[in-house]
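No lab work stands behind these numbers, since they all come straight from the coordinates. This is a predicted model, so every value here is computed, not measured. Backbone-built Cβ (ideal geometry, glycine too); neighbour counts: all protein chains shown.
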């Protein structure tokens with residue numbers, strides 16, 4: 001998992017090296033940091049009102065070893081945006097995708113995902129068992145960005161869409177027994193952010 005994340009990071013830095021410096025923004029999502037997940041994103045202007053963003057986060061922590069509470073994962077999110085006025089300022093809409101691999105247990109996730117093919121809250125097992133697998137999603141995004149200082153912007157955004165996940169479910173204790181393999185389709189949040197952005201000049 002770490003190797004894949006590092007490979008993606010290297011590709012991002014190579015992309016920055018070949019981009020026009022006046023059309024690149026570097027950002028981080030403060031809401032994602034609240035989950036103890038370091039994250040970074042890069043946004044590139046492709047046309048006067050079009051940008052492309054690639055963002056990622058990586059969480060390697062075990063929060064409580066005795067209770068085996070953890071939210072280990074990496075997440076990669078590409079996004080294409082259309083800005084109503086000009087790039088990097090004002091209102092925008094977009095289409096995003098997501099891919100994540102996770103190893104999570106003992107986490108109570110709010111019911112922001114709604115199952116399509118099964119009963120109960122999506123990933124409701126995470127509070128009572130350990131789930132390890134992957135998920136992919138895509139959705140529509142709306143947001144708003146505005147300057148807060150020279151070279152600094154702030155951005156609010158939210159996205160809704162479709163998720164598909166496959167994961168193995170285990171007892172929540174360390175080295176817990178395998179219970180079942182689960183695959184689900186669900187509708188819910190595909191993005192949520194309050195981000196601080198540095199505009200490269």
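Structural remarks
- Legend: calculated FRET efficiency, residue 82 to residue 168, from the Cβ-Cβ distance at R0 = 41 Å, rounded to 0.05, equals 0.60.
- When 187, 84 are sorted by how many other C-beta atoms sit within 10 angstrom of their C-beta, beginning with the fewest, the order is 84, 187.
- For the pair residue 149 and residue 63, label points projected 7 Å from Cα toward Cβ lie 3.0 nm apart.
- Extension gain from residue 178 to residue 95, taking 0.36 nm per residue of separation minus the Cα-Cα distance: 26.2 nm
- Least to most buried among 166, 40 (fewest other Cβ within 10 Å first): 166, 40
- Residue order, fewest to most beta carbons within 10 Å, for 184, 81, 49: 49, 184, 81
- For residue 142 and residue 185, the FRET efficiency from 1/(1 + (r/R0)^6), where r spans their Cβ atoms and R0 equals 25 Å, is about 0.65.
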